[in-house]
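To start, the structure under review is shown below, and the notes come after it.
Nothing in this text is a laboratory measurement; each read-out follows from the coordinates by a stated rule. Being a predicted model, the structure only gives us computed values, none of them experimental.
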Amino acid sequence: MSRLLGERWQRRIAAGFLLALVGVAFAWFFLLPRLRPHIFSGTVIQSTQKAPRLELEAADGHTVRMTDFEGRVVVVYFGYTFCPDICPATLSKLAGAMQILGNRADEVQVMMVSIDPERDTPEMLAEYVTHFHPDFIGVTGDAQTVNRVATLYGVYYEAMEGTVETGYTIDHTTTVMLVDKEGFLKLVLPFEGTAEQIAADIEYFL
């Protein structure tokens, strides 16, 4: 009898040990990653003021304001359609991030502000950005308005002499800015960031 009881206790101890191992494995793979602090790929902005006002024109002629997107994370990028490399690479990574986010991409709005209003019409911008993702929007305005908005967001740009084939090019800030659902500028992402890093940073704010 005592031997039988001993075997039962051994089985119970073994079962308990197995359950403990399962619990540890569950915590390791599912809970601990959520408890670890998120490491951002960009520069965190601790601002008590909402993102600078933005009122620019979209392809359908209506005025786009930053306040239109409260309740969504807004990703703002300043670029131009004639850009030979940086802009298409950035928009491709942003499109990749949207794909990684899956259904949650519906809670995100990517917006490209043209720094080349002389050549970028709203219609050209719409065609350009939707080539990368159908939900991306492009906005522009007159040169004075674009310059004011770019300055408010800390974006530098300057026209440079190009070739006969390309026309002038524009040196510009290559970072991407992330505005949270309440309208606060929270993050500045470097050009070097990957689609996976961008998606992870956006998901944190979702």
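Table for the structure above
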item	result
Under 14 Å from the Cα of Lys93 - aspartates and glutamates, other chains or at least 8 residues apart	Asp85, Glu192, Glu196, Asp201
Over segment 43-205, relative contact order from alpha-carbon pairs under 8 Å, at least 6 apart, %	33 percent
Once the Cα gyration tensor of segment 115-206 is diagonalised, semi-axes √(5λ) in Å	26, 16, 15
For Phe78, residues with placed amide H under 5 Å, excluding near neighbours	Val113
Placed amide H near Val176: partners under 5 Å, 5+ positions off or other chain	Leu189
Residue-wise HN-Hα coupling along segment 175-183, computed from phi with Karplus coefficients 6.51, -1.76, 1.60 (Hz; x: Gly, Pro)	6, 10, 10, 10, 10, 6, 5, 8, x
Under the Karplus curve 6.51 cos²θ - 1.76 cosθ + 1.60, θ = phi - 60°, whole-Hz ³J(HN,Hα) for segment 57-73, x wherever Gly or Pro sits	9, 9, 4, 7, x, 7, 7, 9, 10, 4, 5, 5, 10, 4, x, 10, 7
Residues whose placed amide H lies under 5 Å from that of Gly162, excluding near-sequence neighbours	Tyr168, Thr169
Karplus-derived HN-Hα couplings along segment 75-88 (A = 6.51, B = -1.76, C = 1.60, θ = phi - 60°), whole Hz, x at Gly and Pro	9, 10, 9, 9, x, 7, 6, 8, 4, x, 8, 4, 5, x
